[in-house]
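Presented below is the structure to which this report refers.
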Amino acid sequence: MANSSSASGGSAGRGPASEPGRSYHPLGSRAAAGADAALDSRRAAITELGDALRDLVGQASATEVPGDVLRQVAAQVREAATVLGRRTRTRSELPGADDLAGGFRMYNPVTGHGSALAPPLHIEVAGQAVVGTCTLGLAFEGPPGFAHGGISAMLLDQLLGYAASAAGHPGMTVKLETRYLAPVPLQTPLRLTAEVSEVNGRRVTARGVIATAADPDTVLVEATGAFVALRPEQAGRMFGGIRPDATDPRLAHD
């Protein structure tokens, strides 16, 4: 189940999520620059590693080098993985560089700058809507030359959740309807937009589309998502074992 970003409405911080790893977060107050130099440095290092991993995944998806070179690289990657594995976390622990209240989710598989899986998708709040931009490489290929349909659904689920959160109605995805009008091209700048269309108590409906940046009026994929805000007791049951505490229903999403 994919989920939204977090928090209730407000006008603070409605600009772009320009800091590596920071998602749009209306509730979270921006810490003063340099307030925690060690944490800033770690986030920068995570971003640097994420960039390298995404480059590796991209090159691995496109390479046509001989088998002996592939085996040599595989051995090098396993050696690097062993180094990273010297100290790891469990599913009941948040990453040390994350900050739910501040909107930092370094390893989100759609927006996380530390994730080898993420494009990453960059999101800005634009009035009542949210706008996302990204370029999908060959690692996301489904039909030759085009993105796998599941990737389009994942991108839109994330963006719809951001729209709900930015409008002050964070919640978890309970329904996602996706309509594919045309294939989404790889290695092509994309533009995604989403906006809340209905609020009914704890249930929020948002709609969004994917287009190319060069032709934003031609919709390739469209989706409608339904999100339901968690009650405190629901958040407690679902996230109570995660530390730092993630049971605030306004924060326990991404």
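The values are calculated or read from the model by the stated rules, or taken from the named source; none is laboratory data. No experiment lies behind these values; they were computed from the predicted model shown. Positions of Cβ are backbone-derived with ideal geometry, glycine not excepted, and every protein chain shown enters the neighbour counts. Side chains are part of the model used for accessible areas, which takes the heavy atoms of the whole protein and leaves out ligands, DNA and RNA. Shrake-Rupley method; radii C 1.70, N 1.55, O 1.52, S 1.80 Å.
What the table shows:
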item: Residue check, Leu138 of a type outside the set (S, T, N, Q) and under 24 Å from Asp40 (Cα atoms); result: no
item: Only one of Ala101, Ala45 that is modelled with pLDDT of 95 or more, farther than 17 Å from Ile123 by Cβ and open to solvent by less than 60 Å² (accessible area, probe 1.4 Å); result: Ala45
item: Per-region count, the range 223-254, residues β-branched (Val, Ile, Thr) and either assigned to a loop (DSSP other than H, G, I, E, B) or over 20 Å from Asn200 (Cα atoms) (or both); result: 2
item: Cross-chain or 6+ apart pairs with Cβ under 6 Å, the range 229-244 first and modelled with pLDDT of 85 or more, then surrounded by fewer than 16 Cβ atoms within 10 Å (Cβ to Cβ) and not acidic (Asp, Glu); result: Ala229/Arg202; Ile242/Ser92
item: Subset of the range 83-104 (residues that are aliphatic (A, V, I, L, M) and assigned to a loop (DSSP other than H, G, I, E, B)); result: Leu94, Ala97, Leu100, Ala101
item: Filtered residue count, the range 111-128, keeping only those that are within 20 Å of Pro216 (Cβ to Cβ), aliphatic (A, V, I, L, M) and either crowded, with 19+ Cβ neighbours inside 10 Å or modelled with pLDDT of 95 or more (or both); result: 3
item: Selection count where residues are out of contact with any helix residue (DSSP H, G or I) (no Cβ under 7 Å at 6 or more places or on another chain) and surrounded by fewer than 23 Cβ atoms within 10 Å (Cβ to Cβ), scope the range 142-156; result: 8
